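Trainee: The structure that follows is given in the form of structure tokens.
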Amino acid sequence: MPFANMRDRLIYLAVWFACLGPILWFIFQGFTDDLGANPIEYIIRQLGVWGLRLLMVSLAITPAAKLLRQPRLIRYRRTVGLWAFAYIALHLSTYVGIDHFFNWPEIGKDILKRPYITIGMTAFVLLVPLAVTSTNGMLRRLGPKNWKRLHQLVYVIVPLGVTHYYLLVKKDVRPPVVYGVIVTILLGYRLYAWARQRRERALKAAAKAAA
Ligand code: HEM
């Protein structure tokens, strides 16, 4: 555990168990026969939606840390991001192994034919390098600049996840639209912060040149 004091360790454990919570809940629902009429569809959907929620939480941590002036929050971003990856990997595994019984030709056809699967798969493929490079060793190897650049892929992955969701719902599009609005606000904040930082840097450089 990368935290020195007790309070931070407790927060880390709380974050870890909060991320694990939904899976424990599905297991409980399984034991109590509460997974509905189509348990496979229910599990695929729940894993997908929790994966998306956690990706969005990981995206919200930096703005929250800045707005609340709590830079320590950033420490939990990696844990949440890795849990998001775990949910989405389980989402994909349930689809491949339980829904399609590893029928690769059929899965291949699905990826090519159904736009929501194509987009989900693209998001997953982009997510893999982020999970693989999430260790301190990989951060050192890539260097902070390249690492940061690579991890900006999340700005593409999350909108792809929302689009995947939007395309697959048949009737009520309100939930994916709400997720889309939240993601737009989160990405809009990033864009605003980036533009402001750039402007400040340009003003400083101009002041230095004029001095
Ligand atoms: C970043 C990647 C992904 C995210 C964030 C994601 C998210 C979601 C969400 C939010 C749902 C809908 C949940 C609901 O209705 O409550 C869903 C459903 C689904 N996803 Fe994904 N997904 C991703 C990748 C994939 C991949 C790679 C596949 C398979 C190749 C896949 C296959 C499915 C299927 C089959 C459903 C259920 C469709 C249905 O019941 O009609 N997803 N996903």
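The values are calculated or read from the model by the stated rules, or taken from the named source; none is laboratory data. All values derive from a computational prediction rather than experimental measurement. Positions of Cβ are generated from backbone atoms using ideal geometry, with glycine treated the same way; all protein chains shown enter the neighbour counts. When the accessible area is computed, the model is the full protein with side chains, heavy atoms only, and any ligands, DNA or RNA have been set aside. Shrake-Rupley method; radii C 1.70, N 1.55, O 1.52, S 1.80 Å.
Trainee: Size of the dipole of the chain about the Cα centre, Lys and Arg at +1 and Asp and Glu at -1 on the beta carbon, nothing else charged, in debye to 20?
Mentor: It comes to approximately 1660 debye.
Trainee: Tell me which of Leu10, Ala205, Val125 sits at the most positive position along the dipole axis of the chain, charges placed on C-beta atoms (Lys, Arg +1; Asp, Glu -1).
Mentor: Positive-end residue among those listed: Ala205.
Trainee: Ignoring ligands, DNA and RNA, please state the percent of accessible area on the chain from carbon and sulfur, probe 1.4 Å.
Mentor: Accessible surface attributable to carbon and sulfur in the chain totals 67 percent.
Trainee: Kindly count the pairs of lysines across region 23-210 whose alpha carbons are less than 24 Å apart, treating pairs on different chains or eight or more residues apart as eligible.
Mentor: Number of lysine pairs found: 8.
Trainee: Using only Cα atoms and rounding to the nearest 10 degrees, what angle (0 to 90) does helix 6-31 make with the longest principal axis of the chain?
Mentor: Rounded to the nearest ten degrees, it is 20.
Trainee: For the chain, take the longest principal axis of its alpha carbons; what is the angle in degrees between that and the long axis of helix 174-210, to the nearest 10 within 0 to 90?
Mentor: For helix 174-210, the angle is close to 20 degrees.
Trainee: Next up: Please identify the longest segment of the chain free of exposed chymotrypsin sites (Phe, Trp or Tyr not before Pro), where exposed means a DSSP state other than H, G, I, E or B and no more than 13 other Cβ atoms within 10 Å.
Mentor: 103-211
Trainee: Answer with one residue from Leu186, Pro144, Thr32: the one whose Cα lies farthest towards the positive end of the charge dipole of the chain, charges on Cβ with Lys, Arg +1 and Asp, Glu -1.
Mentor: Final value for the positive-end residue is Pro144.
Trainee: May I have the pair-distance distribution P(r) for the chain, computed from all Cα-Cα distances with 5 Å bins from 0 and rounded to whole percent?
Mentor: 1, 6, 12, 16, 18, 16, 12, 8, 5, 3, 1, 1, 1, 0, 0
Trainee: If R₀ is 22 angstrom, what is the calculated FRET efficiency for the pair Glu41 and Lys113, using the beta carbon separation as r and rounding to 0.05?
Mentor: Result of the calculation: an efficiency of 0.70.
Trainee: Turning to a different aspect of this structure: When ligands, DNA and RNA are left out and all protein chains stay put, how many square angstrom of accessible area per residue does the chain have with a 1.4 Å probe?
Mentor: On a per-residue basis, the chain sits at 66 Å².
Trainee: I've got another one for you. For the pair Asn136 and Glu200, what calculated FRET efficiency results from E = 1/(1 + (r/R0)^6), where r is the Cβ-Cβ distance and R0 = 22 Å, to the nearest 0.05?
Mentor: In this case the efficiency is close to 0.15.
Trainee: Against the longest alpha carbon principal axis of the chain, how many degrees, from 0 to 90 and to the nearest 10, is the axis of helix 77-93 turned?
Mentor: That helix lies at roughly 20 degrees to the long axis.
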